[in-house]
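The values are calculated or read from the model by the stated rules, or taken from the named source; none is laboratory data. Note that the structure is predicted; figures quoted are calculated from it, not measured. Cβ sites come from the backbone with ideal geometry, for glycine too, and all protein chains shown count toward neighbours. Surface accessibility is based on the protein's heavy atoms, side chains included, excluding ligands, DNA and RNA. Shrake-Rupley method; radii C 1.70, N 1.55, O 1.52, S 1.80 Å.
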Amino acid sequence: MAQQERAIRTRAAILQAAAEVFAERGYAATTVADILKVAGVTKGALYFHFDSKKALAKGVLGVQTSLDVPPQNFKLQEMVDTAMVVAHRLTGDPVLRAGAKLSEDRDGRSQYGSAWPAWIELLTRYLVEAQQRNEVLAHVVPRETAEFVLTAFHGAQTYSHLEKNLTDIEYRVSVLFRHMLPSIAAPAVLANLDTAPDRGARVYAQMQSESEELPALRAG
């Protein structure tokens, strides 16, 4: 069991290091040697878990949607919370930054894929459940709306990155939802949704508090 736990920790450390380097340099400019230097592990340990740089990129992308926000009264709130927590964590979490950078790399993504399909699936699940609970208007098509949310978030993220180095990303995602939700949410639900710019910070603090009470391993 101890050996298995060490392997899990080593894999997580390698993914974290890979994310840091990918986020800073991008896929093409990153070498396995760069990742080894940051990870502080042997080449054998790295190749035991990942057999190539492409596998490392896939590993980083594979943990993008492992963020579990606390349950809420409305599934639409959980969807908002997920996006707001991501916005809150983008500046401090290299895994999320690397996922964004890898996913928008036109040349690299042809080799290792993208996190966008997984995000769309997650958002679609929220919207399907919201639809089953009558939280959304009749015209809403869950997957179509999920794709819109993803593309709108990406646009807000890109603009914030270029103009403000992501310092206003939480505000911009808040504005996104403030304009978008009235077109999909049932009025009684809309009146109870929290889309404040600090929503992600508050939810993330709750997540951290709960994880300290009940420790759990988190890849990446």
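For PRO70, the conditions (1) surrounded by 18 or more Cβ atoms within 10 Å (Cβ to Cβ); (2) assigned to a loop (DSSP other than H, G, I, E, B) all hold with the exception of (1).
Looking only at residues of segment 56-82 that are small (Gly, Ala, Ser) and in contact with a helix residue (DSSP H, G or I) (Cβ under 7 Å, 6 or more places away or on another chain), we find that the one that is nearest to SER103 (Cα to Cα) is ALA57. Here is the figure for segment 165-182: residues that are open to solvent by 60 Å² or more (accessible area, probe 1.4 Å), modelled with pLDDT of 95 or more and of a type outside the set (Phe, Trp, Tyr) total 5. Mind listing just one residue for me: the one in segment 18-55 that is within 17 Å of the chain's Cα centre (by Cα) and open to solvent by less than 10 Å² (accessible area, probe 1.4 Å) and, of those, nearest to PRO94 (Cα to Cα)? Only one residue fits best here, namely ALA19.
When you scan segment 130-143, do you find a residue that is in contact with a His (Cβ under 7 Å, 6 or more places away or on another chain), over 30 Å from THR31 (Cα atoms) and modelled with pLDDT of 95 or more, even just one? No, the conditions are met nowhere in segment 130-143.
Of all the residues in segment 185-216, those that are touching a helix residue (DSSP H, G or I) at 6+ places or on another chain (Cβ under 6 Å), part of a loop (DSSP other than H, G, I, E, B) and either of a type in the set (Ser, Thr, Tyr) or modelled with pLDDT under 90 (or both) number 1.
So the check is Cβ under 8 Å with 6+ separation or different chains; which pairs have a first residue in segment 27-51 that's in a helix (DSSP H, G or I) and a second one that's among the charged types (D, E, K, R) and open to solvent by 30 Å² or more (accessible area, probe 1.4 Å)? Partner pairs satisfying both residue conditions: VAL32/LYS43; VAL32/LYS53; ASP34/ARG25; ILE35/LYS53; LEU36/LYS43; VAL38/GLU20; HIS49/ARG11.
Starting from segment 88-108, take each residue that is under 19 Å from ALA13 (Cα atoms) and list its partners that are among the β-branched types (Val, Ile, Thr) and assigned to a loop (DSSP other than H, G, I, E, B), counting only C-beta distances under 7 angstrom and pairs at least six apart or across chains. Taking only residues 6 or more apart or on different chains, the pairs are VAL95/VAL63. Could you list all residues from segment 161-184 that are under 20 Å from ARG202 (Cβ atoms), outside any loop (DSSP other than H, G, I, E, B) and polar (S, T, N, Q)? If the condition is that a residue be under 20 Å from ARG202 (Cβ atoms), outside any loop (DSSP other than H, G, I, E, B) and polar (S, T, N, Q), then SER174 is the only one that fits.
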